[in-house]
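Engineer: Questions regarding the structure given below will be posed in turn.
The values are calculated or read from the model by the stated rules, or taken from the named source; none is laboratory data. In this text, all values refer to a predicted model and were calculated from it rather than measured experimentally. Note that we place each Cβ from the backbone using ideal geometry, even for glycine, and neighbour counts take in every protein chain shown.
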Amino acid sequence: MEPIIETRDLNKSFGSFRAVSNLSFTIGHGDVYGFLGQNGAGKSTTMRMLLGLIYPDSGSVFINGTEFNNSRRHLLSQIGAIIERPDMYGYLSGWDNLKIFAALSDKNIKAPRLHEVLEIVGLKGREKDKVKAYSQGMKQRLGIAIALVHKPQLLILDEPTNGLDPQGIAEMRELILSLSREHGKTILISSHLLHEIEQIATSMIIIHKGKKVVEGKVNSLLNPDDSLVEVVLKPTDDITTKLASSAYYDNIAAFQPDMVTFKMNPAHTPALNRWLVAEGLDVIEIRSKHSLEAYFLSLTNDSVIKN
Amino acid sequence: MIQLLRIELYKIFRRPRTYISFGIITAIVLVIQLAMLSDGKSFLSFIMSGVNEQFDIQGNVLNGYLVTYIILQSLLIHIPLLVALVAGDALAGEANAGTLRLLLTKPISRAKLVLVKFTSSVIYTVLLIVWLAVVGLFGSLALFGQGDMINLKSDAFVMLLQHDVMWRYMAAFLFATLAMTTIASLSLLLSAFADNSIGPIISTMGIVVVITILSNLELPLFDKIKPYLFTTHMIGWKGFFDDPIPYGAIGFSALVMFLYTVGFLATTIFYFNKKDIKS
């Protein structure tokens with residue numbers, strides 16, 4: 001089966017700034033595809049290129065095997081998207097906004113479908129309120145309803161958890177998982193919250209300074225042995241000597257007098273703690289970073305990593 | 001396209017600020033009408049002092065037709081501003097609100113979107129002119145009554161018989177609609193370049209004011225370009241109150257404004273089709 005999205009050598013510059021550079025990736029049907037990168041890495045620019053909002057300088061986008069530029073209108077009818085914030089017409093009600101964008105979707109969408117998507121996103125009962133009175137979480141939900149209303153195969157969600165409180169983030173996670181599992185949507189999602197992506201993505205790509213760093217299935221990319229464990233210590237003169245002669249020396253990823261970062265499976269943290277205490281080192285705090293976060297940092301943040 | 005236009009009109013007329021323009025026109029017209037009710041006779045005797053020495057004018061000179069003419073002259077700058085408030089906001093306002101990117105992720109062509117924005121701006125303009133006709137012309141006729149209309153020009157004095165005036169106003173309003181459509185298309189073009197509405201609205205007014213000054217400057221340097229400036233032709237509606245009516249000049253003015261409108265619109269579509277939506 002051909003991929004639902006395929007990009008080939010996408011390039012985009014704004015003046016002298018190269019936002020995206022020779023970016024190629026593929027997304028399979030049914031994937032929840034995490035799109036990761038630091039601020040300014042080129043995620044939003046790429047997502048906008050997938051939707052025809054920004055024109056690439058060179059390269060191509062294929063949706064279901066058809067080049068985007070050759071069939072823009074038809075392909076957009078198969079996609080639902082939220083780019084950055086889900087901004088809508090604040091002076092209109094949620095219902096009016098949903099109705100307007102449903103009418104623009106090239107499909108004859110009736111009121112029962114509008115009620116259905118409001119139910120899915122949990123906005124039933126609030127649809128007559130003006131959008132300007134909505135909380136950020138409600139706006140995000142309405143944005144998803146607008147993206148979903150025409151039953152697209154593919155959802156492109158750029159930072160859908162932006163501005164949400166922890167409860168809102170958890171609810172959004174559940175919503176995205178249900179859209180994938182129960183409604184069979186393919187979802188391309190970007191987020192700063194790596195822990196969230198780790199919990200929902202089946203595949204992912206990490207881009208850095210507009211270039212692809214890595215792409216693949218989350219299970220195969222995230223090795224627990226590559227997690228980072230940070231140990232905050234009371235600085236002592238002999239700490240380097242003790243570490244140099246220890247079995248953990250090869251695991252050290254970064255060293256500062258008051259903090260040592262080990263690259264290791266978090267399951268071994270208790271043993272590490274016992275060894276530190278036995279060596280007479282005063283442990284103030286031990287924290288393990290989530291495997292995706294550690295992996296992401298190892299690929300995109302040179303200053304943290306020893307090698 | 002019809003569906004898109006219906007949605008656009010729904011958005012415009014559900015927005016409270018749309019009605020501010022209608023309120024402003026009503027307020028300005030009422031102020032002028034009240035002023036004319038209060039001091040109209042002394043104002044009229046002042047501007048007609050030269051004429052009264054040579055002619056004996058009888059009947060209701062301070063009538064609704066004359067007051068409407070005074071109102072229209074007073075609104076020369078205001079109406080373009082009110083048109084720019086909506087047309088300048090058409091694309092830039094959506095960009096500023098963040099709704100443009102949501103709109104363009106839907107299966108609609110950018111050219112169609114521009115055409116719909118233009119058409120809705122024209123419909124708004126027509127309604128604004130119709131409202132001006134209602135409160136300005138019919139309101140003045142109700143307050144001041146009918147009569148023969150005196151048109152005082154710098155070098156002539158035109159007397160139009162009462163039964164010969166109404167159609168001239170209708171033609172003048174039609175011409176004004178074309179002139180304001182040109183303003184709307186200019187505003188829409190500037191709106192395509194911007195990501196907030198203030199810029200296009202101010203720029204439209206800046207351009208109108210500067211070119212109007214150029215159109216009115218009696219300097220030989222500008223004589224050759226004046227016939228091609230759209231502001232020179234925006235006051236072509238006054239021709240309908242001449243005798244005989246200069247149909248050739250009015251037709252040329254209409255043609256120039258029509259060509260400007262088409263040019264502005266085509267440029268907007270061309271630019272907007274290529275624009276990266278970063279807002």
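Engineer: State which residue is farthest from the other protein chains (Cβ to nearest Cβ) when the search covers only region A:98-138 and only residues that are loosely packed, with under 14 Cβ neighbours inside 10 Å and closer than 20 Å to B:Ala97 by Cβ.
Structural biologist: Taking the candidates together, the pick is A:Ser135.
Engineer: To continue, here is another question. Does B:Phe230 qualify as being of a type outside the set (Val, Ile, Thr) and either away from chain A (no Cβ under 14 Å) or under 18 Å from the mean Cα position of the chain (by Cα) (or both)? Spell out how you get there, then give the answer.
Structural biologist: Values: of a type outside the set (Val, Ile, Thr): yes; either away from chain A (no Cβ under 14 Å) or under 18 Å from the mean Cα position of the chain (by Cα) (or both): yes.
The answer is yes for B:Phe230.
Engineer: Which of the residues belonging to region B:212-254 are surrounded by fewer than 16 Cβ atoms within 10 Å (Cβ to Cβ) and not in a helix (DSSP H, G or I)?
Structural biologist: B:Leu217, B:Glu218, B:Leu219, B:Lys224, B:Ile225, B:Asp243, B:Pro244, B:Ile245, B:Pro246
Engineer: So how many residues does region A:83-97 have that are facing chain B (nearest Cβ under 8 Å) and crowded, with 19+ Cβ neighbours inside 10 Å?
Structural biologist: 7
Engineer: Suppose we keep only residues that are outside any helix (DSSP H, G or I) and over 16 Å from the mean Cα position of the chain (by Cα) within region A:139-173. Which one would you say is surrounded by the fewest Cβ atoms within 10 Å (Cβ to Cβ)? Reasoning before the result, please.
Structural biologist: Step one: of region A:139-173, the residues outside any helix (DSSP H, G or I) are A:149-165.
Filter once more, keeping what is over 16 Å from the mean Cα position of the chain (by Cα): A:149-153, A:165.
Working: A:Val149: 23, A:His150: 23, A:Lys151: 16, A:Pro152: 19, A:Gln153: 15, A:Asp165: 12.
The selected residue is A:Asp165.
Engineer: Looking at region B:90-111, I want the residues that are facing chain A (nearest Cβ under 9 Å) and have a partner that is outside any helix (DSSP H, G or I) and aromatic (Phe, Trp, Tyr) with Cβ atoms under 9 Å, at least 6 apart or on another chain. Which pairs are those?
Structural biologist: Every condition considered, the pairs that remain are B:Ala97/A:Tyr89; B:Thr99/A:Tyr89.
Engineer: Looking at region A:15-22, can you tell me whether even one residue there is small (Gly, Ala, Ser), within 12 Å of chain B (Cβ to nearest Cβ), closer than 20 Å to B:Thr105 by Cβ and within 22 Å of the chain's Cα centre (by Cα)?
Structural biologist: Yes, region A:15-22 contains at least one residue that is small (Gly, Ala, Ser), within 12 Å of chain B (Cβ to nearest Cβ), closer than 20 Å to B:Thr105 by Cβ and within 22 Å of the chain's Cα centre (by Cα).
Engineer: Considering (1) aliphatic (A, V, I, L, M); (2) within 9 Å of chain B (Cβ to nearest Cβ); (3) under 19 Å from A:Leu179 (Cβ atoms), say which one A:Leu50 fails and leave the rest.
Structural biologist: With (1) aliphatic (A, V, I, L, M); (2) within 9 Å of chain B (Cβ to nearest Cβ); (3) under 19 Å from A:Leu179 (Cβ atoms) applied to A:Leu50, the lone miss is (2).
Engineer: Given the residues B:Val122, B:Val130, B:Val135, which is the only one that is in contact with a Ser or Thr (Cβ under 7 Å, 6 or more places away or on another chain), within 24 Å of B:Leu186 (Cβ to Cβ) and away from every other protein chain (no Cβ under 14 Å)?
Structural biologist: On the way: B:Val130 fails: in contact with a Ser or Thr (Cβ under 7 Å, 6 or more places away or on another chain); B:Val135 fails: within 24 Å of B:Leu186 (Cβ to Cβ).
After ruling out the rest, the residue left standing is B:Val122.
Engineer: Residues in region A:60-78 that are touching a residue at least 40 places away in the same chain (Cβ under 8 Å) and at the interface with chain B (Cβ under 7 Å from one of its Cβ atoms): how many? Outline the logic, then answer.
Structural biologist: The initial filter retains those residues of region A:60-78 that are touching a residue at least 40 places away in the same chain (Cβ under 8 Å), namely A:60-65, A:77-78.
Imposing the further condition that a residue be at the interface with chain B (Cβ under 7 Å from one of its Cβ atoms) reduces the set to A:77.
The qualifying residues number 1.
Engineer: Would you pick out the residues in region A:51-70 that are surrounded by 14 or more Cβ atoms within 10 Å (Cβ to Cβ) and closer than 16 Å to A:Leu154 by Cα?
Structural biologist: Across region A:51-70, the qualifying residues are A:Leu51, A:Gly52, A:Val61, A:Phe62, A:Ile63, A:Asn64, A:Thr66, A:Glu67, A:Phe68.
Engineer: Every residue in region B:44-73 that is modelled with pLDDT of 80 or more and either assigned to a helix (DSSP H, G or I) or exposed (fewer than 13 other Cβ atoms within 10 Å of the Cβ) (or both), please.
Structural biologist: The first filter runs over region B:44-73 and keeps only residues modelled with pLDDT of 80 or more, leaving B:62-73.
Scanning region B:44-73 gives B:Gly64, B:Tyr65, B:Leu66, B:Val67, B:Thr68, B:Tyr69, B:Ile70, B:Ile71, B:Leu72, B:Gln73.
Engineer: Pairs, please: C-beta under 7 Å, at least 6 apart or cross-chain, first residue under 13 Å from A:Trp275 (Cβ atoms) and in region A:234-246, second hydroxyl-bearing (Ser, Thr, Tyr)?
Structural biologist: A:Leu243/A:Tyr249
Engineer: Quick one: which helices (runs of 4 or more DSSP H) lie wholly within region A:215-303 and hold at least 3 residues that are of a type in the set (Ser, Thr, Tyr)? Write out each step before concluding.
Structural biologist: On the way: elements: A:218-221, A:239-244, A:269-278, A:291-300.
So the answer is A:291-300.
Engineer: Going by the conditions given, is B:Ile123 at pLDDT below 90, β-branched (Val, Ile, Thr) and in a helix (DSSP H, G or I)? Break it down stepwise before answering.
Structural biologist: Values: at pLDDT below 90: no; β-branched (Val, Ile, Thr): yes; in a helix (DSSP H, G or I): yes.
So B:Ile123 does not fit the description; no.
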